[in-house]
Amino acid sequence: MEEKDFAAHLTATMTGSALTMLIGVGHRTGLFEAAARGPATSGELAGRAGLQERYVREWLGAMVTGGIFTLEAGQYAFPPEHAKFLLGETASNLMPSLLTLSAFTGILPDLERAFAEGGGVPRSAYGPHLETLGAKTGDSWKHVYREHLVDGFFGAVPGLKERLTAGARVLDLGCGTGNAIAVAARAFPASRFTGLDINPGVVEQAKEIGLPNAEFVVGDAAELTADPPYDVITAFDAIHDQDRPDVVLRRIREALHEDSLFFMVDTNFSSHVAKNVGNPLAALCYSISLMYCTTTSLAEGGAALGAMWGTETAREMLADAGFGHVDVLGSPRPQNCIYACRP
Ligand SMILES: C[S@@+](CC[C@H](N)C(=O)[O-])C[C@H]1O[C@@H](n2cnc3c(N)ncnc32)[C@H](O)[C@@H]1O
């Protein structure tokens, strides 16, 4: 990259960072909902949201020049084709991810200390930042499951939907608030689903789903037993953060019979940085991995695989755990892939 291009690249990076902060402000002050009601002047929008016009006007300046709003004849507009990425109950809504990023600013001093001294940032340090957003406990995934779980994710593995329709014993490992099971248990009433998570708080929330073929238990995946034997074990975004991923994968393998399937959804990158150059999602995922996955694992003395452990390492670890057949399949989201693993 030429010098002047690099300067422009850095400026665009700063702009993205500043806009991310202001998008969080817009979310918390209700400005996006107010703007979605139709074009308005800054005064009208401030009135709608019950806010101070001077602040709203400056915020609108950033939204317009940042390409999020448009401006015509003094009227600020939040086009519906943009609004669907920042509002609403759909998988397109990127707000949970944007809010997660701004929430990380609270732990940066602890992270910088860990750079110098070792150790990590414990999950409890993120408390109000991430828990209230629900970001790590499922909000970003809830809509993805609703729209893509049955056909997009399960449909990618030949025969899986048919097996679940006929009736299977399924364990969802690291189930969080149970968003995947909430969709799957309705779609496949003949199957029985158990959600397992180490965090009692999320399991309590999951129990509120209240479906007859779904149960939720608190437990450590590293202590999983083969009783009862499962036909399918799923893990959505739940393996790379494990403190002892090698032990967990071995336990999963041991809990399956010869005809069973381990269905793992994880990040879709290479284990080698050089191969990730040019992937437009890679820098973001390395950053999240550093600010959450890696440091929370190091705080527990864990393996710190990080979100960028990559398909090569995943394949090696699955083979070491005893899976003889692993297919890596595309998923409805470019940042994720599906590992269909069989003994
Ligand atoms: C990123 S969240 C994903 C939650 C859920 N699968 C989803 O997609 O919404 C990872 C989950 O794994 C759980 N977890 C981490 N280590 C675990 C372990 N050793 N045993 C069981 N659950 C674990 C965490 O508590 C967390 O709820």
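The values are calculated or read from the model by the stated rules, or taken from the named source; none is laboratory data. Predicted, not measured: the structure shown is a model, and the values here were computed from it. Neighbour counts run over all protein chains shown; Cβ positions are idealised from the backbone, glycine included. Just the protein is used for accessible areas: all its heavy atoms, side chains included, with ligands, DNA and RNA removed. Shrake-Rupley method; radii C 1.70, N 1.55, O 1.52, S 1.80 Å.
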Among (1) under 30 Å from residue 125 (Cα atoms); (2) out of contact with any Cys (no Cβ under 9 Å at 6 or more places or on another chain), the one test that residue 269 misses = (2)
query = Within the bounds of region 160-168, is there any residue that is within 16 Å of the ligand (Cβ to nearest atom) and open to solvent by 20 Å² or more (accessible area, probe 1.4 Å)?
reply = no
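Before we move on, is residue 258 among the charged types (D, E, K, R) and either in contact with a strand residue (DSSP E or B) (Cβ under 6 Å, 6 or more places away or on another chain) or within 9 Å of the ligand (Cβ to nearest atom) (or both)?
Details: among the charged types (D, E, K, R): yes; either in contact with a strand residue (DSSP E or B) (Cβ under 6 Å, 6 or more places away or on another chain) or within 9 Å of the ligand (Cβ to nearest atom) (or both): no.
When the stated conditions are applied, residue 258 does not pass them.
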note = Among residues of region 188-241 being among the polar types (S, T, N, Q) and under 13 Å from residue 175 (Cα atoms), the residue nearest to the ligand (Cβ to nearest atom) is 199
request  = For residue 247, indicate whether it is touching a strand residue (DSSP E or B) at 6+ places or on another chain (Cβ under 6 Å), in the same structural domain as residue 171 (by TED's automatic domain parsing) and either assigned to a helix (DSSP H, G or I) or away from the ligand (no atom under 12 Å from the Cβ) (or both).
outcome  = no
Residue that is nearest to residue 1 (Cα to Cα), among those in region 251-289 that are without any contact (Cβ under 8 Å) to a residue 40 or more places away in the chain and β-branched (Val, Ile, Thr) = 277
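Of the residues 310, 330, only one is under 17 Å from the mean Cα position of the chain (by Cα), small (Gly, Ala, Ser) and at negative phi; which?
Values: 310 fails: at negative phi.
Going through 310, 330 in turn, just one is under 17 Å from the mean Cα position of the chain (by Cα), small (Gly, Ala, Ser) and at negative phi: 330.
Quick check, is residue 228 open to solvent by 30 Å² or more (accessible area, probe 1.4 Å), at pLDDT 95 or above and assigned to a loop (DSSP other than H, G, I, E, B)? Walk me through how you get there before you give the answer.
On the way: open to solvent by 30 Å² or more (accessible area, probe 1.4 Å): yes; at pLDDT 95 or above: no; assigned to a loop (DSSP other than H, G, I, E, B): yes.
So residue 228 does not fit the description; no.
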